[in-house]
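Input: a single structure, listed below in structure tokens.
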Amino acid sequence: MRSRGYVDIGAPSWGRARPPTGSYGPDASRYVRTGEGNLIDICEVNSDDRYAQGPYTCLACGHLMVPALGRTRKHHFKHKAGRPADCHNETYLHQLAKMTLFSVLSEAIRTGQPYWLTRDRPVVCSYYEEAFGFSCTAKRAPYGTDLTTMFDQVAVEAGVDGFIADILLSSSKSDARMLLEIAVTHPCDETKISSGLPIIEIEIQNEDAANRLRDGIDTSFRCTRCHNLPNPDTAPHLCKTPCSANGLALLLYKSGKVWYSELGVGTRDEEQILSDPHLLAHAIVDVKLGHPTRSWNTVLDHLRAFIIQQAFENSRAIRSCLVCRNNGGRVNNHDAFCVAKGRKVWMSSSAIGCTDYDPAGDRDEAIHILGSLGGP
């Protein structure tokens, strides 16, 4: 026996109080159009007077529908004469989403209730701004806009600048417009997007997705895309618990030793290093979120500036292989070759108490020696 042509829209997943568990047949819809042209959910149909709001018609093909309220399968609407071959799921979902949006937006505008468009906007935390001149822009937060404060008119399949909008929001007080476009299998037309008109494109895959539109539009879902909308303003914020940040600590000790340490800003590690009673001067530079990897050349650039400042601007005594005339070049990130000793030595501390220590005589010479330590 040949089956009638149909597209299986699957089993809707709403909850029910009475009917037992069961399965839907291929001709099953949760929503239909009432005799007055409104949407009705099968859950709203009273079995004692099931045709009270009829006649019911299919959202996709317009054919007569009847409520199936049996005890075996989940309650649903089905075509009275069987589902025709030209009744497609794509059309059903497209019409369902449009009618849902039109209904809920019309009601919100009429009653003054908000209808929220939720978008993410960047959040700028200034926790590190005063100390390091550094703001965190890594976080985003939801930001709601009540569409009823911007628009007081809503229309279905309305013309705008040569295009037809699925749902057109407009204002009687300004030129503000917004198009709500439903995408089931076909995305919004590129020509419409390139027109510059503000568009929210909403992908609908099933009845539940259409039903969620009753609660607002949330663009954080991957199925919702914004086109030609202005970006939300950045929100100022001060985190109670700041993001993890890492800095490069440049250290000068009373012994003349100069070296560096990578540390977590605001951590116990930082407190222990900077509270060392032998520390004479320090600077924390290159503060970044997370745990960045710094090359030796990056570290050397900061060390060079710190040493020059301490030795030749602040007139502090420096005893470091980094500025010794016997420095024969870097061996690795910890060692340099000492010409006087004929072997490698620690760059960080070998100059302390070294009888061969011969420091640069001026700024230019120190810069030249430090420059020989660069490399990958």
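Values quoted throughout were computed directly from the atomic coordinates according to the rules given, and no laboratory measurement underlies them. These figures come from a predicted structure and were not determined experimentally. Here the Cβ is made from the backbone with ideal geometry for all residues, glycine too, and neighbour counts use every protein chain on show.
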Run the quick spin-label model on Phe337 and Leu229: label points 7 Å from Cα toward the beta carbon, then report their separation in nm to one decimal. 6.3
Taking the Cα atoms only, what angle lies between the long axis of helix 89-111 and the longest principal axis of the chain, rounded to 10 degrees? 80
What number does the chain give for Rg over Rh if you use C-alpha atoms and the Kirkwood radius? 1.30
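If we count other beta carbons within 10 Å of each Cβ, what is the order of Met150, Met347, fewest first? Could the numbers behind the result be given before it?
Numbers: Met150 16, Met347 24.
Going from least to most buried by this count: Met150, Met347.
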Using a cut-off of 30 Å between alpha-carbon atoms, which lysines can reach Lys341, once sequence neighbours fewer than 8 places away in the same chain are excluded? Lys254, Lys257
What is the local net charge at Phe306, summed over the other residues whose Cβ is closer than 13 Å to its Cβ (Lys, Arg +1; Asp, Glu -1)? 0
Could you tell me which residue out of Gly144, Ser170, Pro84 lies farthest along the dipole of region 83-183 toward its positive end? Charges go on the beta carbon: Lys and Arg +1, Asp and Glu -1, centred on the Cα centre. Gly144
Rounded to whole angstrom, the alpha-carbon centroid of region 262-327 lies from that of region 150-178 at a distance of 61
Projecting each Cα onto the charge dipole of region 219-289 (Lys/Arg +1, Asp/Glu -1 at the beta carbon, about the Cα centre), which of Leu289, Pro232, Pro277 comes out farthest on the positive side? Pro232
Bridge type composition, the chain - antiparallel percent by DSSP, nearest 5: 85
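At a 10 angstrom cut-off on C-beta neighbours, averaged per residue, how do the peptides 269-278, 320-329, 256-265, 334-343 rank from highest to lowest? The partial results should precede the final answer.
On the way: 269-278: 11.4, 320-329: 21.8, 256-265: 18.9, 334-343: 15.4.
Per-residue Cβ counts within 10 Å, averaged per peptide and sorted highest first, yield 320-329, 256-265, 334-343, 269-278.
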Please arrange Thr149, Thr219, Thr34 by counting, for each residue, the other beta carbons lying within 10 Å of its beta carbon, fewest first. Thr149, Thr34, Thr219
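Provide the gained length on full extension for the span Asn297 to His186, in nm with one decimal, where the gain is 0.36 nm per separating residue minus the Cα-Cα distance. Let's see the in-between values first.
Values: separation 111, 0.36 × 111 = 39.96 nm, distance 5.23 nm.
The span from Asn297 to His186 would gain 34.7 nm if fully extended.
Under a Cβ-Cβ cut-off of 11 Å, what is the net charge of the residues other than Ala317 that fall near it, where Lys and Arg count +1 and Asp and Glu count -1? Before the final figure, lay out the partial values.
Numbers: positive: Lys254, Lys257, Arg316, Arg319; negative: none.
Combined, the nearby Lys, Arg, Asp and Glu give +4.
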Looking only at lysines whose Cα falls under 30 Å of Lys74's and that sit 8 or more positions away or on another chain, we get Lys98
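Using r as the Cβ-Cβ distance of Thr267 and Phe312, and R0 as 30 Å, what FRET efficiency do you calculate, to the nearest 0.05? Don't jump to the answer; show the numbers that get you there.
Values: r = 32 Å, r/R0 = 1.08.
Once rounded, the FRET efficiency stands at 0.40.
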Exposure proxy order (Cβ contacts within 10 Å, fewest to most) of Leu117, Leu252: Leu117, Leu252
Counted charge near Asn326, where neighbours are those whose Cβ lies closer than 11 Å (Asp, Glu -1; Lys, Arg +1): 0
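Would you compute, from DSSP H runs of 4+ residues alone, the mean residue ellipticity of the chain at 222 nm, taking -39500 (n - 2.57) per run and dividing by the full residue count, rounded to the nearest 500? Mind showing how you got there, number by number?
Numbers: 7 runs with 65 residues, N = 376.
The helix contribution divided over the chain gives -5000 deg cm²/dmol.
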On a straight-distance basis, which lysines could pair with Lys288 in a cross-link, Cα separation under 20 angstrom, same-chain partners fewer than 8 positions away excluded? Lys139, Lys240
